[in-house]
1. Which numbered condition in (1) at pLDDT 95 or above; (2) under 30 Å from LEU174 (Cβ atoms) is the only one that TRP104 fails?
2. Going by the structure shown, is ALA109 among the small types (Gly, Ala, Ser), modelled with pLDDT of 90 or more and out of contact with any Ser or Thr (no Cβ under 6 Å at 6 or more places or on another chain)?
3. Just to be sure I understand, how many residues within the stretch 129-170 are aliphatic (A, V, I, L, M), in contact (Cβ under 8 Å) with a residue 12 or more places away in the chain and farther than 30 Å from LEU64 by Cα?
4. Identify, from the list ARG19, ARG50, the residue that is touching a Lys or Arg at 6+ places or on another chain (Cβ under 8 Å) and free of Cβ contacts under 8 Å to residues at least 24 places away in the same chain.
5. Which of the residues that make up the stretch 29-48 are outside any loop (DSSP other than H, G, I, E, B) and polar (S, T, N, Q)?
Amino acid sequence: MAQPKGRRAFIESVLADVRDAKELVLPMLMVEEPEAPLTPAALRSLWEQRDVLDPVMREAVELLITFELPFVEEEERLEADGLTLSTGMAAFEVAMVDFERAFWEARYAEYQVDPARFRLRERAEYDICAQHQLSSQVVRAAIRDHGGSDFDELAPYLGTSRACGDCHQGVTRLLIQDVRRSKAVSED
């Protein structure tokens, strides 16, 4: 069983899964309501049809009901109270941030109690550069396997170039750490 994720990783994983679920479900919703496909009524209607949906679609709808519907409903509630981006942008944003904070605190608490309740896909974490899909683990392996001592030597193996500031900074940081570690070992 996988270790439970930290709060930030949990939220990021959920948001990525919800984004994927929207891409899957949106074309079906747009058939019914091309102008406003992601309404509470449309999502609930889809939920009511879950028994006839294939497993992948059913899982996508479940994610949207759990993690998207509350936000859409809150926006509608605020609108019914006369608070929208056009009538009071700052107040609307504050209300949504407050809602979002409380929502994620509650969902993360539920996740901590029962991580298996939320079937989240494992995603690679690219702590160096998401664009070039670089993680510290991949860079350390390249340093170990190719023996590079500067960024320009490792960049071809990593599929990046000096043009990416995130890659350059992250790889250089790990190269410096490797040099320091090697130096400390040799001094012992």
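1. In the conditions (1) at pLDDT 95 or above; (2) under 30 Å from LEU174 (Cβ atoms), TRP104 misses (2) alone.
2. Values: among the small types (Gly, Ala, Ser): yes; modelled with pLDDT of 90 or more: yes; out of contact with any Ser or Thr (no Cβ under 6 Å at 6 or more places or on another chain): yes.
Considered against the rule, which asks whether it is among the small types (Gly, Ala, Ser), modelled with pLDDT of 90 or more and out of contact with any Ser or Thr (no Cβ under 6 Å at 6 or more places or on another chain), ALA109 comes out as yes.
3. So the count comes out to 7.
4. Values: ARG19 fails: touching a Lys or Arg at 6+ places or on another chain (Cβ under 8 Å).
One residue alone meets the criteria, ARG50.
5. Of the residues in the stretch 29-48, the ones outside any loop (DSSP other than H, G, I, E, B) are 29-32, 40-48.
Within the stretch 29-48, SER45 is the sole residue that qualifies.
The values are calculated or read from the model by the stated rules, or taken from the named source; none is laboratory data. Worth saying up front: this structure is predicted, and the values here are computed from it rather than measured. Methodologically, a virtual Cβ is constructed for each residue, glycine included, from the backbone with ideal geometry; neighbour enumeration extends over all protein chains shown.
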